[in-house]
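The values are calculated or read from the model by the stated rules, or taken from the named source; none is laboratory data. What you are looking at is a predicted structure, and each value in this text was computed from that prediction instead of being measured. Quick reminder, even Gly has a Cβ in these numbers, built from the backbone with ideal geometry, and neighbours come from all protein chains shown. Each accessible area value is taken on the protein alone, full model and side chains, heavy atoms only, with ligands, DNA and RNA left out. Shrake-Rupley method; radii C 1.70, N 1.55, O 1.52, S 1.80 Å.
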Amino acid sequence: MAKPVVDRIETQLAGKAKVIRLDVTSSVGKEAAVAYGVRGVPSLLVVDGNGDTAYGLYGVPMPGTVVEEVDKLLVTAN
């Protein structure tokens, strides 16, 4: 259900930010979920250049909101 929405977010962020998808059943996904405190699926995290969570949510994301949060992060980083 979330895949088409994340596809849209990825398209909107092309050239601005990298979208990385992790499966929480994989070893890397499990490790990331523990490190970032993920407690539900689907989850979406916006992580800054230092690896800190700048924005996060559980459930199917709203593309506009995610893109706005990334844009805010990019403005503050420059």
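Is it the case that some residue within the range 17-25 is closer than 21 Å to Val70 by Cβ and open to solvent by less than 90 Å² (accessible area, probe 1.4 Å)? Yes: the range 17-25 contains one or more residues that are closer than 21 Å to Val70 by Cβ and open to solvent by less than 90 Å² (accessible area, probe 1.4 Å). With Val24, Val34, Val38, Val67 as the choices, which residue is among the aliphatic types (A, V, I, L, M) and in contact with a Ser or Thr (Cβ under 9 Å, 6 or more places away or on another chain)? Only one candidate passes the filter, namely Val24. Selection within the range 27-59: residues that are assigned to a loop (DSSP other than H, G, I, E, B) and within 11 Å of the chain's Cα centre (by Cα). The member of this set that is surrounded by the fewest Cβ atoms within 10 Å (Cβ to Cβ) is Asp48.
Of all residues in the range 1-19, those satisfying the criterion of being assigned to a loop (DSSP other than H, G, I, E, B) and over 19 Å from Tyr55 (Cα atoms) are Met1, Gly15. Going by what's in this entry, would Leu22 be described as without any contact (Cβ under 8 Å) to a residue 60 or more places away in the chain, aliphatic (A, V, I, L, M) and in a strand (DSSP E or B)? The answer is no for Leu22. Residues that are out of contact with any helix residue (DSSP H, G or I) (no Cβ under 8 Å at 6 or more places or on another chain), more than 19 Å from Glu10 (Cβ to Cβ), open to solvent by 50 Å² or more (accessible area, probe 1.4 Å) and touching a residue at least 24 places away in the same chain (Cβ under 8 Å) do occur in the range 68-77, at least one of them. Here is a check on your reading of the model: is Val66 among the β-branched types (Val, Ile, Thr) and in contact with a Leu (Cβ under 8 Å, 6 or more places away or on another chain)? It is true that Val66 is among the β-branched types (Val, Ile, Thr) and in contact with a Leu (Cβ under 8 Å, 6 or more places away or on another chain).
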